[in-house]
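Asker: Questions regarding the structure given below will be posed in turn.
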Amino acid sequence: MPDAVRIAFAASVSWAILALTFQVLRARGGGRRSYSHTAGSPLRGAAYNFTYAMLPANKESVRNHPGKFAVGVVLHLGVLLCIAGTLLLALSPEAGAKLCALLRIPAALALAAGLFLFVRRFRDPDLRAMSAPDD
C-alpha cells in the first residue's frame with residue numbers, strides 16, 4: 001500500500017476516534033451525574049431503535065421526504081461498500097484492488113449523495129445546529 005494511502009487511512013481513523021470520543025463525552029453531559037431512572041431493558045430499547053423504529057414507515061421524515069431518504073440510503077450503502085473494499089484491500093491487496101475497481105461508480109454516487117447532504121446541512125441553520133462532527 002502506498003505511503004499516502006496509509007497516511008490518509010491513519011488520519012481518517014484518528015479523526016473518527018476524536019469525533020466519536022467528543023460525541024460520547026458530550027452525550028454523557030461532560031461527566032455530570034445522571035438523575036434519570038432506567039425504564040425497561042436497555043438491550044430491548046437498543047434492539048427496538050435499530051430495527052422497528054428505523055423502518056421507513058415509522059419515520060415521519062421518510063414519509064415527508066422520500067427523495068432525501070433515498071439519497072441517504074445511497075450514501076450509507078456506498079460507505080459500507082467502501083469500508084468493505086478498504087478492509088479487503090488491507091487483507092488481500094490483489095482482491096481489494098479488483099473490488100475497488102468495481103466500486104468506482106457506486107463510490108462516486110455515494111460521494112455525490114454525501115456532498116449533496118453536506119451542502120444541505122451546511123445551508124440550513126436547523127440542520128446545521130443538530131449536526132455532529134462525524135456527520
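The values are calculated or read from the model by the stated rules, or taken from the named source; none is laboratory data. Keep in mind that what you see is a predicted model, and the values were worked out from it rather than measured. Cβ coordinates were reconstructed from backbone atoms using ideal geometry, including for glycine residues, and neighbour counts include every protein chain displayed. What goes into the accessible areas is simple: the full protein's heavy atoms, side chains included, and nothing from ligands, DNA or RNA. Shrake-Rupley method; radii C 1.70, N 1.55, O 1.52, S 1.80 Å.
Asker: So which residues in the range 37-66 are open to solvent by 90 Å² or more (accessible area, probe 1.4 Å) and farther than 23 Å from S131 by Cα, if there are any at all?
Answerer: H37, T38, A39, P42, L43, R44, Y48, Y52
Asker: In addition: Being touching a residue at least 24 places away in the same chain (Cβ under 8 Å) and under 27 Å from R120 (Cα atoms) narrows it down to one residue among A90, A19; which is it?
Answerer: Exactly one residue qualifies, and that residue is A19.
Asker: I need the full set of residues from the range 66-92 which are at pLDDT below 90 and touching a Gly at 6+ places or on another chain (Cβ under 9 Å), in order please.
Answerer: Across the range 66-92, the qualifying residues are G85, T86, L87, L88, L89, A90.
Asker: A follow-up question, please. Count, please, the residues in the range 67-109 that happen to be more than 17 Å from the chain's Cα centre (by Cα) and open to solvent by less than 80 Å² (accessible area, probe 1.4 Å).
Answerer: Residues in the range 67-109 being more than 17 Å from the chain's Cα centre (by Cα) and open to solvent by less than 80 Å² (accessible area, probe 1.4 Å): 13 in total.
Asker: May I ask you to list the residues in the range 85-135 that are under 19 Å from W15 (Cα atoms) and part of a helix (DSSP H, G or I)?
Answerer: T86, L87, L111, G114, L115, F118
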